[in-house]
Amino acid sequence: MKRHSDFAAGCWLGLGLFRFHLVLPFLFVLALRKRWRLLGGSAAVAMLMVLLSVAVVGWKEALAYPAYVLHVENRVGTGVIAPENMPNLRGLLYALLPLGTSHVFMLIAVAALSLAMLGVSARLWRSGSNPQLFPLQFSLALIAALLVSYHEYDYELSLALIPVLLIVDYLQTHSTPRSTQWRLLTPAFVLFLTPLHMVLLFRWRYACFLSIVLLLWFWGLAREILRASNHSSTHLNPVP
């Protein structure tokens with residue numbers, strides 16, 4: 001993507017569609033940015049993966065898969081699906097809203113917040129004309145994808161290693177205020193603090209509160225993108 005090889009980048013992203021609940025939100029951000037060649041690469045690989053899947057299990061089993069997913073989803077609270085252990089927006093709302101909250105209301109709230117977060121990610125990626133902001137914009141979209149993923153468990157936060165590496169590289173090559181460094185690095189440190197995961201997941205059984213760390217990280221990245229964009233604009237268009 002940094003080299004503007006969008007079709008190739010889309011093909012690589014398409015290979016991750018076996019975890020479609022993580023990749024599709026990221027692709028949605030790219031769709032809002034009208035990166036059609038990238039989406040075309042993902043679609044081509046997705047079609048290939050569908051054909052391979054059908055070749056392995058057959059049409060009957062492939063067509064039955066959506067019904068199986070819905071069946072499992074309808075067993076929330078039975079141990080099969082545990083939203084309170086999902087470090088995403090769904091899990092956080094499930095933990096904070098009162099017991100007995102309408103399932104339809106929960107779905108609408110999750111959908112509205114998810115669309116807003118993905119929209120902000122796309123907006124900030126589009127508004128940053130400075131290519132040096134790409135690491136932060138990519139990281140912002142990826143963290144948004146983790147937050148809005150409807151099914152997500154603790155181990156899938158390993159994807160956050162990518163933003164960690166991109167942010168560290170950005171901070172090493174750009175002059176940033178100390179407060180910005182704290183905002184961008186502290187959530188990463190907390191997120192990969194293993195004892196915290198153990199306590200939230202096995203003792204309290206509320207791993208969803210890790211999503212608060214992701215939200216703070218999202219806010220810190222968005223704030224830095226805006227700051228750097230405004231700083232760049234000021235230098236390009238100095239006030240007389």
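Bear in mind these aren't lab numbers, they're just calculated from the coordinates by the rules spelled out. Here the structure is a predicted model, which means the values were calculated and not measured. We place every Cβ from the backbone using ideal geometry, glycine too, and count neighbours over all the protein chains shown.
Listed values, structure above:
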read-out	value
Count - residues of region 143-162 that are without any contact (Cβ under 8 Å) to a residue 60 or more places away in the chain and not hydrophobic (A, V, I, L, M, F, W, C)	2
Residue within region 204-222 that is more than 26 Å from TYR94 (Cα to Cα) and in a helix (DSSP H, G or I) present	no
Residue that is surrounded by the most Cβ atoms within 10 Å (Cβ to Cβ) [pool: residues in region 17-34 that are among the charged types (D, E, K, R) and in contact (Cβ under 8 Å) with a residue 24 or more places away in the chain]	ARG33
Selected residue [buried (at least 16 other Cβ atoms within 10 Å of the Cβ), assigned to a helix (DSSP H, G or I) and of a type outside the set (D, E, K, R)] from ALA116, ALA95	ALA95
Members of region 128-163 found to be among the small types (Gly, Ala, Ser) and loosely packed, with under 15 Cβ neighbours inside 10 Å, listed by number	SER129, SER158
Test result for VAL110, in contact (Cβ under 8 Å) with a residue 40 or more places away in the chain and β-branched (Val, Ile, Thr)	yes
Residue list for region 176-196, filter: of a type outside the set (S, T, N, Q) and over 18 Å from ILE143 (Cα atoms)	PRO177, ARG178, PRO195, LEU196
Which numbered condition PRO87 fails, given (1) in contact with an Asp or Glu (Cβ under 8 Å, 6 or more places away or on another chain); (2) over 30 Å from ARG126 (Cβ atoms); (3) part of a loop (DSSP other than H, G, I, E, B)	(2)
Qualifying position, being of a type in the set (A, V, I, L, M, F, W, C), part of a helix (DSSP H, G or I) and more than 19 Å from the chain's Cα centre (by Cα), among LEU70, LEU13	LEU70
Residue count, region 154-195 (criterion: over 20 Å from PHE209 (Cα atoms) and touching a Leu at 6+ places or on another chain (Cβ under 9 Å))	9
